[in-house]
Amino acid sequence: MNYHLKNLPERTAKPRQMGFTMAMDKGLSVREAEDFVSNSAQYVDIVKLGWATSYVTPNLKEKIKVYQDAGIPCYFGGTLFEAFIIRDQFDDYRKVLDKYDLQFAEVSDGSIDLDHDKKCDYIEKLSEQVTVLSEVGSKDADKIIPPYMWIDLMQKELDAGAWKVIGEARESGNVGLFRSTGEVRSGLVQEILTKIPFEKIIWEAPQKAQQVWFIKLLGANVNLGNISPHEIIPLETIRLGLRGDTFLHFLGLERKKDNTAPPFHAD
C-alpha cells in the first residue's frame, strides 16, 4: 500500500480461498486487458470471460495470455458451457478448454433445462480435467427457486467436485439472488449460509449496493463475483472500509440503526 492506516480489516493474500474477487470481462481488447492487470492484478483472483463472448472475441489467445502472465487464471462463462451442452458437444467443449490451456471451467444451467444428476455428472467429469466452478440459479427472473433447493443444489454440486459454487445474478444483478430492482433476497442468503460454508460460495454482486450488503454481512473477505474491471479498486476500498458505504462499519462506529442489518428488505 502507498501509506499506513491503522485499524483496517485484515485482508487475505493471494492465492486465497476467501476474500476472492472474480472480475467479469465482457469483451476487453488485449490492450485494455493489459491496462486492467497493470493496475488491478493484486486485487483480482480470477477473470470470467462473460457468457459466450470468447466465441467472438478477437485475439483470444493473446488476451488469455495477458491474464495468465499476470498470474490471474481466467475461464469461459457458463453460458458457453450450456451452448455446447445443448448442441451435444461436451467433448468438443473439453477440447476447447485444452486448446486455450484453461485451468478452470464453469458449469451452469441458467439458460437451459438440465437434469441435476446430469449436471453433477458433468461437474465430476470436468473436475478430472480442470478446477470447476458451478453456478446455481436461473437467468429467468420468473423462475423462483426456494431456499431449501438452493442449499440442496449447492451441496450436491460441491459433493460432485465443484471447488466453489456461484450464486447467480447475471451481469446486471437483477435475478437469482436479487429482485428485479437489485435488492438482495436477504432471507434466501441467510438461509443458504446456515448450511453452506461462506468460503465455498462466490456471490455474484455487480452493483455497488450489493457488494456493500455482502461485506457488511460477511466481512471484508467475502467472495464476490461479476465485478466490472473498472470497479475492482473501488470494491477493494469498500472491503477495507475506505469508502463512505463502509467507512464506519469496520471501526465499530456505525449508528445504532445500522447495526441490525444491511440496508435491504428481508424476504
*Do you know which residues across the range 116-131 are part of a loop (DSSP other than H, G, I, E, B) and either touching a helix residue (DSSP H, G or I) at 6+ places or on another chain (Cβ under 9 Å) or surrounded by 15 or more Cβ atoms within 10 Å (Cβ to Cβ) (or both)?*
127, 129, 130
_Restricting to the range 54-113, count the residues that are more than 27 Å from residue 176 (Cα to Cα) and of a type in the set (Gly, Ala, Ser)._
2
*Where residue 58 falls short, out of the listed (1) farther than 28 Å from residue 193 by Cβ; (2) of a type outside the set (D, E, K, R); (3) assigned to a helix (DSSP H, G or I)*: (3)
*Of 244, 219, 187, which residue is over 17 Å from the mean Cα position of the chain (by Cα), surrounded by fewer than 22 Cβ atoms within 10 Å (Cβ to Cβ) and in contact (Cβ under 8 Å) with a residue 60 or more places away in the chain?*
187
_Given (1) buried (at least 17 other Cβ atoms within 10 Å of the Cβ); (2) without any contact (Cβ under 8 Å) to a residue 40 or more places away in the chain; (3) touching a helix residue (DSSP H, G or I) at 6+ places or on another chain (Cβ under 6 Å); (4) not in a helix (DSSP H, G or I), number of the condition residue 112 does not satisfy_ = (1)
_So if I check each of 228, 186, which one is of a type in the set (Ser, Thr, Tyr) and either farther than 21 Å from residue 40 by Cβ or in contact with a helix residue (DSSP H, G or I) (Cβ under 8 Å, 6 or more places away or on another chain) (or both)?_
186
*If the Cβ limit is 6 Å and pairs must be 6+ apart or interchain, which residue in the range 1-14 that is aliphatic (A, V, I, L, M) pairs with which residue that is in a loop (DSSP other than H, G, I, E, B) and at pLDDT 95 or above?*
8/240
*Please determine, by comparing only the residues of the range 45-55 that are touching a Gly at 6+ places or on another chain (Cβ under 8 Å) and in a loop (DSSP other than H, G, I, E, B), which one is surrounded by the fewest Cβ atoms within 10 Å (Cβ to Cβ).*
52
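Test residue 213 against the criterion of being assigned to a strand (DSSP E or B), within 20 Å of the chain's Cα centre (by Cα), modelled with pLDDT of 95 or more and under 30 Å from residue 148 (Cα atoms), and give yes or no.
Criteria not met by residue 213.
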*Collect the residues in the range 46-80 that are among the hydroxyl-bearing types (Ser, Thr, Tyr) and within 17 Å of residue 99 (Cβ to Cβ), keeping them in residue-number order.*
53, 54, 55, 57, 67, 75
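The values are calculated or read from the model by the stated rules, or taken from the named source; none is laboratory data. Not measured: the values here are computed from a predicted model. Using ideal geometry, Cβ is built from the backbone for each residue, glycine included, and neighbour counts are taken over all protein chains shown.
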